[in-house]
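Q: Quick one: the structure is below, questions incoming.
The values are calculated or read from the model by the stated rules, or taken from the named source; none is laboratory data. Here the structure is a predicted model, which is why all the values come from computation and not from measurement. Here Cβ is always computed from backbone atoms with ideal geometry, including for glycine, and neighbour counts include all displayed protein chains.
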Amino acid sequence: MNPTTPLFGHTRTVVASRHALIAPDGHVPSAFPEWLDATAYVMISPAIGADFSQIRIVYPSGGGEAMFPRDEHEHMTYVVAGTAWAEWDDNTHEMPTGAFLFTPPSTHLRLRGNEFTVLTVFRKIHEPQPGFGPPPITFGNANDVQGEPFLGNEKALLKVLLPTDPRFDMAVNIFTYQPGATLPLVETHIMEHGLLMLSGQGVYRLENAYYPVTAGDVIWMAPYCPQWFVAMGDEPASYLYYKDINRLP
Ligand code: UGY
Ligand code: MN
């Protein structure tokens, strides 16, 4: 038997009330109006109990276009693989692997790609901060962002992709752990997470369960879901994650 083939009728996917682990073996695509040859996998959404959505987008050979209309949603797009081309108003923005683009509410966003492009988009209704305007369009590349030791640990580096600015109500970060490095505590916090394992492997604690996780896995952590991670194996483990920030409960 191919060791990557799950046992007949089995999956690593678990959907619990306060967390979910979504393994790649069970993905089913969604079709959306006005999308041209772009396939969406809605990994996390309000339907699971989350306050945001996490969407994986892929394209066929010949390319295609995903589209998010001008409304109250903001979007953070991250290029997991290949190159994407983002368009809004009169702008076209080329995005190689590792590039990110934050677009505030009231932006008509089109995301073009080809058969090599893999995107993750975090989407949520923007919560304005009284006295402040909306957050600005923001872009960059994670490869240009310096990783900072997390709570002083050189073996657990955190890259914060979006500015520290009260206009933003979301953070999107990349955490990279050397094998054996851990989150230093079992965190329990009001913030919610959506997470994509980018590379490597390890064990994620979610509430009282411990899950082996590997590149391609997606995790949802509801507010107050106790969480902890240890990287294991021969290479560093890296994950991209979303978090709601900067707003009083
Ligand atoms: O930002 C965070 O809350 C982060 N330390 N959580 C996590 O990696 N599960
Ligand atoms: Mn956390």
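Q: Any chance you could count how many residues in the range 178-196 are out of contact with any Pro (no Cβ under 8 Å at 6 or more places or on another chain) and over 18 Å from residue 52 (Cα atoms)?
A: Step one: of the range 178-196, the residues out of contact with any Pro (no Cβ under 8 Å at 6 or more places or on another chain) are 180-185, 193-196.
From what's left, over 18 Å from residue 52 (Cα atoms): 180-185.
Number satisfying all stated conditions: 6.
Q: Output the number of residues of the range 213-249 satisfying the condition of being part of a strand (DSSP E or B) and either more than 13 Å from residue 192 (Cα to Cα) or of a type in the set (S, T, N, Q) (or both). Full working, then the answer.
A: Narrowing the range 213-249 to residues part of a strand (DSSP E or B): 213-214, 218-221, 227-232, 237-244.
Of the ones still in play, those that are also either more than 13 Å from residue 192 (Cα to Cα) or of a type in the set (S, T, N, Q) (or both) are 213-214, 218, 227-232, 237-240.
Total satisfying the criteria: 13.
Q: Suppose we keep only residues that are among the β-branched types (Val, Ile, Thr) and crowded, with 18+ Cβ neighbours inside 10 Å within the range 205-249. Which one would you say is nearest to ligand 2 (Cβ to nearest atom)?
A: Filtering the range 205-249 for residues among the β-branched types (Val, Ile, Thr) gives 213-214, 218-219, 230, 245.
Those left that are additionally crowded, with 18+ Cβ neighbours inside 10 Å: 213, 218-219.
Values: 213: 15, 218: 15, 219: 11 Å.
Out of the qualifying residues, it is 219.
Q: Here is a further query. Would you confirm, using the coordinates I've provided, whether residue 191 is at negative phi and within 9 Å of ligand 1 (Cβ to nearest atom)? Before the answer, list the steps.
A: Working: at negative phi: yes; within 9 Å of ligand 1 (Cβ to nearest atom): yes.
So residue 191 fits the description; yes.
Q: In the range 191-211, which residues are within 15 Å of residue 177 (Cα to Cα) and over 11 Å from the mean Cα position of the chain (by Cα)?
A: Listed by number, the residues that qualify are 199, 200, 201, 202, 203, 204.
Q: For the range 212-238, enumerate the residues that are aliphatic (A, V, I, L, M) and either under 18 Å from residue 16 (Cβ atoms) or over 18 Å from the mean Cα position of the chain (by Cα) (or both). Step through it out loud before you land on a result.
A: Taking the range 212-238 as the starting set, the residues that turn out to be aliphatic (A, V, I, L, M) are 213, 215, 218-219, 221-222, 230-232, 237.
The answer is 213, 218, 219, 221, 222, 230, 231, 232.
Q: Would you be able to say whether some residue in the range 85-94 is touching a Gly at 6+ places or on another chain (Cβ under 9 Å), not assigned by TED's automatic domain parsing to the domain that holds residue 218 and not hydroxyl-bearing (Ser, Thr, Tyr)? Give the steps one after another, and end with the answer.
A: Here is the first cut: in the range 85-94, the residues touching a Gly at 6+ places or on another chain (Cβ under 9 Å) are 85.
Remaining after also requiring not assigned by TED's automatic domain parsing to the domain that holds residue 218: 85.
If we keep only those that are not hydroxyl-bearing (Ser, Thr, Tyr) too, we end up with 85.
Yes; the residues of the range 85-94 include at least one that is touching a Gly at 6+ places or on another chain (Cβ under 9 Å), not assigned by TED's automatic domain parsing to the domain that holds residue 218 and not hydroxyl-bearing (Ser, Thr, Tyr).
Q: Going by the conditions given, is residue 172 under 21 Å from residue 17 (Cα atoms), more than 10 Å from ligand 1 (Cβ to nearest atom), in contact (Cβ under 8 Å) with a residue 12 or more places away in the chain and in the same structural domain as residue 158 (by TED's automatic domain parsing)?
A: So residue 172 does not fit the description; no.
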